[in-house]
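One structure is given here, and the rest of the page talks about it.
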Amino acid sequence: MEVNMKRIAAERAVEWIEDGMTVGLGTGSTAYWAILRIAERVKEGLNIRAAASSIRSEELAKEHGIPFVSLDEIDRIDLTIDGADEVDPDLNLTKGGGGALLREKVLAAASDKFVVIVDESKVVSSLGAFPLPVEIVPFGSRLTLNALAALGGQPTVREKDGQRFVSDNGNWIADCRFGRIANPAQLSAELNRIPGVVDNGLFTGMTTAVVVGKLDGSTSVLR
Ligand code: DER
């Protein structure tokens, strides 16, 4: 029987949610399974409030009856569960494959626990094989892209269905090919010093634990 590695990782992480928590919902095909399992637990009586990292995750969660809280009403999130495109041995992440990196990073930074859920293909020895998403403002984008290229990023502005991709925040995503990223924290800081850059998909020093779904149907936890 085919193992859904994303689903088993998501469902194990969701078991860590406790009554009364404020929960951050991630974005992507792995977070999708977490949202569905959270909805099941809510129907079984789990009492939580959720905040979402994208419009599509909010719509999915509301469709399945998960109660929401406005980010204007809270100062902390107890636990955020989200996917990643890559995880390195220090639990640094590449994120943004789904274009939601900015809101995902806002939630992760405000979370007491940030739990990442992946299938085993995402666990890598160093970040960089996956093109690094960088959220940029449309204003002066040519100048910003030049600055990303000067850093060695070889940026490509993301398109979806033949149209320019626009994030939930009205910005664009530049997918950058830096090659192997030896020092994610340093590159992240360099990127965020470029004026037209809003944020980037490097999540460094933020991860509490990573739940890995494996082909044999087991899960493991990296801390
Ligand atoms: O866009 C994102 O950051 C997503 O979380 C992405 O990194 C993981 O998406 P996936 O679970 O669909 O692989």
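The values are calculated or read from the model by the stated rules, or taken from the named source; none is laboratory data. Because the structure is a prediction, the values reported are computed rather than measured. Methodologically, a virtual Cβ is constructed for each residue, glycine included, from the backbone with ideal geometry; neighbour enumeration extends over all protein chains shown. We work out accessible area using only protein heavy atoms, side chains counted, and drop any ligands, DNA or RNA first. Shrake-Rupley method; radii C 1.70, N 1.55, O 1.52, S 1.80 Å.
Please list, by residue number, every one of the trypsin sites (Lys or Arg not before Pro) in the range 164-196 that is coil in DSSP and has at most 16 other beta-carbon atoms within 10 Å. Provide the component values of the computation, followed by the final result.
Details: sites: ARG164, ARG177, ARG180, ARG193; in loops: ARG177, ARG180, ARG193.
Filter output for the range 164-196: ARG177, ARG180, ARG193.
Let me make sure I get this right: for the range 63-208, a, b and c are the square roots of the gyration tensor eigenvalues over alpha carbons, sorted descending. Under 1.5 in a/c it's rounded, otherwise prolate if a/b > b/c, else oblate. Which is it? Could you put the intermediate results ahead of the total?
Numbers: a/c = 1.69, a/b = 1.26, b/c = 1.35.
Judged from the Cα gyration tensor, the range 63-208 comes out oblate (a/c at least 1.5, b/c at or above a/b).
Could you derive backbone 3J(HN,Hα) for the range 202-212 from the dihedral phi with the Karplus parameters 6.51, -1.76 and 1.60 (θ = phi - 60°), listing whole Hz in sequence and x where the residue is Gly or Pro?
Once rounded to whole Hz, the list reads 7, 10, 10, x, 10, 7, 7, 7, 10, 9, 10.
Let a ≥ b ≥ c be the square roots of the eigenvalues of the Cα gyration tensor of the range 90-142; is it rounded (a/c under 1.5), or, if not, prolate (a/b larger than b/c) or oblate?
Details: a/c = 2.57, a/b = 1.32, b/c = 1.94.
Because a/c hits 1.5 or more and a/b fails to exceed b/c, the range 90-142 counts as oblate.
Toward the positive end of the charge dipole of the range 1-82, about the Cα centre and with charges on Cβ (Lys, Arg +1; Asp, Glu -1), which of ALA10, ALA51, LEU71 goes farthest?
Comparing the listed Cα positions along the dipole, ALA10 ranks first.
Just the number, please: carbon plus sulfur as a percent of the accessible area of the range 50-105, 1.4 Å probe, no ligands or DNA/RNA counted. Before the final figure, lay out each step's value.
Working: 980 of 2250 Å².
Result for the range 50-105: 44 percent of the exposed heavy-atom area is carbon or sulfur.
How large, in percent, is the carbon and sulfur part of the accessible surface of the range 132-200 at a probe radius of 1.4 Å? Mind dumping the intermediate values first?
On the way: 1860 of 3680 Å².
Exposed carbon and sulfur together represent 50 percent of the surface.
Filter the GluC sites (Glu not before Pro) in the range 58-136 to those in DSSP coil with at most 10 other Cβ atoms within 10 Å of their Cβ, and list the result. List each step's numbers first, then the result.
Numbers: sites: GLU58, GLU59, GLU63, GLU73, GLU86, GLU104, GLU120, GLU135; in loops: GLU73.
Hits after loop and neighbour filter: GLU73.
Write down the accessible area per residue of the range 132-200 in Å², having rolled a 1.4 Å probe over the full set of protein chains. The partial results should precede the final answer.
Values: 3680 Å² over 69 residues.
Normalised by residue count, the accessible surface of the range 132-200 is 53 Å².
Rounding to the nearest 20 debye, state how big the charge dipole of the range 1-160 is about its Cα centre with +1 on each Lys and Arg Cβ and -1 on each Asp and Glu Cβ.
Numbers: 18 positive and 25 negative charges, 91 e Å.
Result for the range 1-160 is approximately 440 debye, rounded to the nearest 20.
So what's the back-of-envelope 222 nm ellipticity for the chain, counting only DSSP H runs of four-plus at -39500 (n - 2.57) apiece and dividing by all residues, rounded to 500? Kindly include the intermediate steps, with their values, before the conclusion.
Values: 6 runs with 62 residues, N = 223.
That comes out to -8500 deg cm²/dmol.
Can you tell me the relative contact order of the chain? Whole percent, Cα pairs under 8 Å, sequence separation 6 or more.
On the way: 493 pairs, mean separation 54.4, N = 223.
Normalised by residue count, the contact order of the chain is 24 percent.
If a/c stays under 1.5 just call it rounded; otherwise compare a/b with b/c (prolate if a/b is bigger, oblate if not). Do that for the range 132-200, with a ≥ b ≥ c from the square roots of the Cα gyration tensor eigenvalues.
Values: a/c = 1.77, a/b = 1.51, b/c = 1.17.
Prolate.
For the range 1-93, what is the charge dipole size about the Cα centre, in debye to the nearest 20, if Lys and Arg each add +1 at the Cβ and Asp and Glu each add -1 at the Cβ? All intermediate terms of the calculation are to be shown ahead of the outcome.
Values: 10 positive and 19 negative charges, 69 e Å.
Using only the charged Cβ atoms, the result is roughly 340 debye.
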